[in-house]
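The structure under discussion appears below in the form of structure tokens.
The values are calculated or read from the model by the stated rules, or taken from the named source; none is laboratory data. Predicted model, so just to flag it, every value in this text is computed and none were measured. Reconstructed Cβ throughout: ideal geometry from the backbone, glycine too, with neighbour counts over all protein chains shown. SASA here: full protein model, heavy atoms, side chains in, ligands and nucleic acids out. Shrake-Rupley method; radii C 1.70, N 1.55, O 1.52, S 1.80 Å.
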Amino acid sequence: MSTGILLPTHKALVQEVYAEPLVVKTVPTPQPPPGAAIVRVLYAPIISYMRDVYNGTRKYPYPTPLVPGTSAIGRVAATGPDAVLLKVGDLVYFDCTVRGRDDSSAIMLMGITQGGGEGSKMLMEGEWRDCTYAEFVKAPLENLLRLDEKRLCGSPADGGLGYAPEQLTWVLQAMVPYGGLRSIGLQAGETVIVAPATGSFGSAAVVVALGMGARVIAMGRNPEALAQLKVLGPRVETVRITGDVEADVASLKRFGKIDAFFDISPPEAQNSTHFKSAILSLRNEARVCMMGGLLNDLPIPHQFVMRNDITLKGKWMYSRADCQALLNMVTTGVLDVREIAQVVETFKLEEWKKALDAAAEQGGRLGKMVIFTP
Ligand SMILES: NC(=O)c1ccc[n+]([C@@H]2O[C@H](COP(=O)([O-])OP(=O)(O)OC[C@H]3O[C@@H](n4cnc5c(N)ncnc54)[C@H](OP(=O)(O)O)[C@@H]3O)[C@@H](O)[C@H]2O)c1
């Protein structure tokens, strides 16, 4: 075990009772057991719909008391005895997606949701519950990805990319669509519809698909937000969701053969027509990735899917290999988001209410992030 300055207690945001207001508390700082490290949280992003998670609107299942949070950027403060790569002081990306070590089908998101099965519930009720809206977080070693700080944050004069470390929190938004687009084998030169493309994960999907070499048709309701995406480059086309399926299929088909459709609908888009129009515009043997968070069932254009050998693929989150591959794209500069990733507001833990409101109001657009600096 290597230990830096590990104070016996630290400050954390805590939800004592499900859906009740959060409180800032002083809590014990854990020592790192085997298989874990303690990370000093530096920049913890706030997802645009976090307010609806913690006020109970989204009905995400999680146990309380809970330290909320999500993936974050931090520095290793102490490691368990079996760490072989991570050292105290390393800048790391902490990924909140935890899998059972003896059953990888048990998946949950620390600080957010225990997911579906019994195994994931056990994981969250036990060792891996509390997340990053705190000064320190205890993280599984395999959830910490060491960042090449010199390359990512160093000055361009020294071969660095010049990212401010807080900009790297954007990786959280990119990991989700990367996992989804990779799961349907998106290839360079292919054309993919992203819809809705104007939210935080949706707009990140456009950026990531471009980085993977694809052409993107960004679909959404908001013409101004679509215009911002169009500026990303000549491989971006935009189509408005008008609610008229026939007209929207015609608009999509103007761009020729379409190989894939990436759906990232929020629950509010349950009755949106884009799901149907996007599928009906696909080529034979196209692939659909369903990553949206719809709460109710959706009608599928069954005959079209059957006659055209369409693959429908559900996807929750991403693998560790996806995480490393995406970070490699950023570190090598293949995916350059220096002009896109932008922290628009930072908050202290005590300001949690203002912070969750700000994330809901301005965190959902291309590259924009609201974060805690605990
Ligand atoms: N599978 C996974 O692993 C995974 C991971 C993370 C998130 N998700 C899901 O992905 C969802 C979307 O994420 P996000 O970050 O893009 O959300 P967001 O920032 O809240 O943006 C919501 C998007 O949905 C659009 N929208 C809202 N109501 C709509 C409607 N009635 N019809 C059509 N479009 C509508 C918005 O369009 P406007 O710009 O027009 O308002 C915007 O593009 C989340 O709510 C979550 O459930 C899934």
| query | How big is D, in µm² s⁻¹, for the range 170-250 by Stokes-Einstein at 37 °C and 0.692 mPa s if Rh is the Kirkwood radius over C-alpha pairs? | reply | 261 µm²/s
| Given N residues in the range 58-115, what is Rg(Cα) / (2.2 N^0.38 Å)? | 1.33
| query | In nm, to one decimal, how far is the modelled label at TYR18 from the one at GLU351, with both set 7 Å along Cα→Cβ? | reply | 3.2 nm
| Cα point-scatterer Debye curve for the chain, base-10 log of I(q)/I(0) at q = 0.07, 0.14 Å⁻¹ | -0.30, -1.20
| said: If each DSSP helix of 4+ residues adds -39,500 (n - 2.57) and the sum is divided by the residues in the chain, what number results at 222 nm, nearest 500 deg cm²/dmol? | reply: -7500 deg cm²/dmol
| query | Just the accessible area per residue of the range 173-314, please: how many Å² with a 1.4 Å probe? | reply | 42 Å²
| query | Mean separation of Cα pairs under 8 Å and 6+ residues apart, divided by the residue count of the chain: what relative contact order is that in percent? | reply | 17 percent
| query | Hey, got the Cα dimensions of the range 173-220 along the principal axes, in Å, largest first? | reply | 23, 20, 15
| request: Could you please report the charge total around GLY35, scoring K, R as +1 and D, E as -1 over all other residues with beta-carbon less than 13 angstrom from its beta-carbon? | output: -1
| request: Using a 10 Å cut-off on Cβ atoms, rank the peptides 46-54, 172-180 from the highest mean neighbour count down. | output: 172-180, 46-54
| request: Take each of the peptides 14-27, 66-79, 210-223, 341-354, average the number of other beta-carbon atoms within 10 Å over its residues, and list them starting from the highest. | output: 66-79, 210-223, 341-354, 14-27
| request: Enter the Cα centre distance for the pair the range 13-41 and the range 56-79, rounded to the nearest angstrom. | output: 8 Å
| query | Bin by bin, in steps of 10 Å, what percent of the Cα pairs in the range 60-219 do you find, going until the bin that has the longest distance? | reply | 10, 30, 35, 22, 4, 0
| task | Treat every Asp and Glu Cβ in the chain as -1 and every Lys and Arg Cβ as +1, leave all other atoms uncharged, and give the resulting dipole magnitude about the Cα centre to the nearest 20 debye. | result | 480 debye
| Rounded to the nearest 5, what is the percent of antiparallel bridges among the DSSP beta bridges in the chain? | 55 percent
| note | the range 173-314: relative contact order from alpha carbon pairs under 8 Å, six or more residues apart, as a whole percent, is 23 percent
| query | Where only protein heavy atoms count, and the probe is 1.4 Å, what is the accessible area per residue for the range 79-171 in Å²? | reply | 41 Å²
| request: For the range 173-314, give the share of DSSP beta bridges that are antiparallel, in percent and rounded to the nearest 5; count only bridges with both residues there. | output: 0 percent
| message | Straight-line reach from LYS257: which lysines fall under 30 Å, measuring Cα to Cα and dropping same-chain residues less than 8 apart? | response | LYS230, LYS276, LYS313, LYS315
| message | Tell me the net charge near VAL98. Cut-off is 10 Å between Cβ atoms, VAL98 excluded, with +1 for each Lys or Arg and -1 for each Asp or Glu. | response | 0
| request: Working from the alpha-carbon coordinates of the range 173-314, get Rg over Rh, Rh being the Kirkwood radius. | output: 0.91
| query | Measuring from centroid to centroid over Cα atoms, what is the spacing of the range 211-231 and the range 101-140 in Å? | reply | 34 Å
| message | Going by amide H atoms built from the backbone, whose H comes under 5 Å of the H on LEU147, apart from near neighbours? | response | LEU91, VAL92, TYR93
| said: Of THR238, VAL370, ALA341, which is farthest towards the positive pole of the chain's charge dipole, taken about the Cα centre with +1 and -1 on the beta-carbons of Lys, Arg and Asp, Glu respectively? | reply: THR238
| query | What does the convex hull of the Cα atoms of the range 274-374 come to per residue, in Å³, rounded to a whole number? | reply | 174 Å³
| Surrounding net charge for LYS11, when Lys and Arg each add one and Asp and Glu each subtract one, Cβ distance under 10 Å | 0
| query | Which value, in debye to the nearest 20, gives the size of the charge dipole of the range 173-314 about its Cα centre, when Lys and Arg are +1 and Asp and Glu are -1 at the Cβ? | reply | 340 debye
